[in-house]
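Since the structure comes first, as structure tokens, the remarks are kept for the end.
The values are calculated or read from the model by the stated rules, or taken from the named source; none is laboratory data. These figures come from a predicted structure and were not determined experimentally. Neighbour counts are summed over all protein chains in view; Cβ atoms, including those assigned to glycine, are modelled from backbone coordinates with ideal geometry.
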């Protein structure tokens, strides 16, 4: 079993359109790396390049230090799970899980134990004799994961594995995937998702993709607390992005001088963007006070989200335990601490590459291709 993934300048093009552009990225052995981005950003194409389902137009793909760029999928030592489950409907659960082992030509006497181990790991041992049609969506996805794990891969590829599940099932599967990661400390996991909660919950690091290119990469805490770009700030979590002018010791926004802990060497008078997370914006007097008028109030259970017009800009504030809900049109004061604001300089936010024309992810493959076939 080999672990770890490295993209070395990998580009992929369909019909002359670049859908993955010069990707350099390393997934360490035992690491969970989430590829996070909107549809068409290149994240699924990157995963399929690792799986061997698309051939790079340029660059190399390495698994466990071995160049696998020219190898077929069944020789790469990977397991793969997709959102559509891709189970064989005419096979019982145990036979679905055994499929990759048989394709690997694992000794017949060893297969039942390996199948039982994978089903036990995913909590599906009691369902071995059932057919996929007799299972819920969450149970079918567990079987698909068990099938991928049965071959004991060094690399596990997960392509939007929870997107077909409802919110409650998705939450439960996140817990199960986190537990599996703890039980498989040597397996590298590449997890493709457009859901920021999944990425923040599971990943050791997140690679943010947009317009066919890698935009940012870091731990969930780094990307959430200190994003480098406007795209990262808005896609990883929710953010207020305020157009500001840099002043000595702070910034100016909508005619108000605001204190910022770090202006990152930006020149006085330079234009920039200030990022403040909504949950860090308070209601009432305080540092960096801003007056505005409420344009919308959304009750979200544990919080109220207030949208406040400040100088023609909408600010979001997530406020807890409001005894009295403000009315639309009320004038209120918002505030935030200098340490809770991150300045994004104009040269960083403007540096994103232009969108690749006609970008599209590769089509889905068949159930057989998803069975985690590998030569170990």
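Filtering the range 116-131 to residues that are buried (at least 18 other Cβ atoms within 10 Å of the Cβ) and at pLDDT below 95 leaves 118, 119, 121, 122, 124.
Can you confirm whether residue 12 is part of a loop (DSSP other than H, G, I, E, B) and over 20 Å from the mean Cα position of the chain (by Cα)? No; evaluated as a whole, the condition is false for this residue. Identify the single condition in (1) surrounded by fewer than 22 Cβ atoms within 10 Å (Cβ to Cβ); (2) more than 16 Å from the chain's Cα centre (by Cα); (3) assigned to a loop (DSSP other than H, G, I, E, B) that residue 288 does not satisfy, given that it satisfies every other one. Residue 288 satisfies every listed condition except (1). Among the residues of the range 223-252, those that are outside any helix (DSSP H, G or I), touching a strand residue (DSSP E or B) at 6+ places or on another chain (Cβ under 6 Å) and closer than 23 Å to residue 304 by Cβ comprise 239, 240, 241, 242. Within the range 31-63, the residues that satisfy the criterion of being touching a helix residue (DSSP H, G or I) at 6+ places or on another chain (Cβ under 9 Å) and assigned to a loop (DSSP other than H, G, I, E, B) are 37, 38, 52, 53, 54, 55, 56. Looking only at the range 181-206, which residues are assigned to a helix (DSSP H, G or I) and either in contact with a strand residue (DSSP E or B) (Cβ under 9 Å, 6 or more places away or on another chain) or outside the structural domain of residue 25 (by TED's automatic domain parsing) (or both)? Across the range 181-206, the qualifying residues are 181, 196, 198, 199, 200, 202. Just one of the listed residues (37, 15) is touching a strand residue (DSSP E or B) at 6+ places or on another chain (Cβ under 8 Å) and touching a residue at least 24 places away in the same chain (Cβ under 8 Å), namely 37. Residue 211 falls short on exactly one of the conditions (1) in contact with a helix residue (DSSP H, G or I) (Cβ under 8 Å, 6 or more places away or on another chain); (2) under 26 Å from residue 50 (Cβ atoms); (3) at pLDDT 90 or above, and that condition is (1). Residue 154 meets the stated requirement of being touching a residue at least 40 places away in the same chain (Cβ under 8 Å), in contact with a strand residue (DSSP E or B) (Cβ under 9 Å, 6 or more places away or on another chain) and closer than 22 Å to residue 34 by Cβ. Among the residues of the range 245-262, at least one is loosely packed, with under 15 Cβ neighbours inside 10 Å, more than 12 Å from the chain's Cα centre (by Cα) and at positive phi.
Among the conditions (1) touching a helix residue (DSSP H, G or I) at 6+ places or on another chain (Cβ under 9 Å); (2) at pLDDT 95 or above; (3) surrounded by fewer than 19 Cβ atoms within 10 Å (Cβ to Cβ), residue 74 misses just one, which is (2).
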